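Enquirer: The structure under discussion is supplied below as C-alpha cells; questions concerning it will follow.
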Amino acid sequence: MSRIDVRCPACGKINYSLDLVETDGWMECEHCGCTARLLSLHRGDATVVGNCCWQVVKPLPSSRTLRAVRNHG
Ligand SMILES: [Zn+2]
C-alpha cells in the first residue's frame with residue numbers, strides 16, 4: 001500500500017513516508033514523540049491541517065519523561 005507524508009497534529013512538523021494502513025492509522029511523530037491516530041482524512045493529503053482529524057494520545061511524552069527522571073533523583 002502507498003506511504004504518505006503526514007503533518008503532526010501536536011508539533012506541526014511533517015513525518016515522511018508513513019504507512020498508516022499497516023498501523024491502522026497510528027503514527028509516532030519522530031520530531032516530538034507524540035502518538036496520534038488519523039481518524040479521518042479528506043482528499044488524500046495529510047500534510048494539510050484541515051484535511052485531517054486526529055486523536056492525540058501523548059502530546060508531550062518527552063517533558064513527562066524528563067520530569068519523572070528529575071523526581072526520581
Ligand atoms: Zn510531532
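Enquirer: So which of SER17, SER2 ends up being surrounded by fewer than 12 Cβ atoms within 10 Å (Cβ to Cβ) and not in a loop (DSSP other than H, G, I, E, B)?
Expert: SER17
Enquirer: Considering each residue of the stretch 26-52, count those that are surrounded by 15 or more Cβ atoms within 10 Å (Cβ to Cβ) and within 14 Å of the ligand (Cβ to nearest atom), and give that number.
Expert: Here the count works out to 12.
Enquirer: Further, regarding this structure: Any idea how many residues of the stretch 23-49 are outside any loop (DSSP other than H, G, I, E, B) and under 17 Å from ARG3 (Cα atoms)?
Expert: Residues flagged as outside any loop (DSSP other than H, G, I, E, B) and under 17 Å from ARG3 (Cα atoms) within the stretch 23-49 amount to 9.
Enquirer: Which members of the stretch 1-25 meet the condition of being farther than 16 Å from ASP45 by Cα and more than 7 Å from the ligand (Cβ to nearest atom)? Reasoning before the result, please.
Expert: Just the residues of the stretch 1-25 that are farther than 16 Å from ASP45 by Cα, to begin with: 10-11, 22-24.
Selection gives GLU22, THR23, ASP24.
Enquirer: A further question on this structure: Could you figure out which of (1) modelled with pLDDT under 70; (2) loosely packed, with under 11 Cβ neighbours inside 10 Å isn't true of THR65?
Expert: (2)
The values are calculated or read from the model by the stated rules, or taken from the named source; none is laboratory data. Everything quoted here is computed from the prediction, not taken from an experiment. Cβ atoms come from the backbone with ideal geometry, glycine included; neighbour counts cover every protein chain shown.
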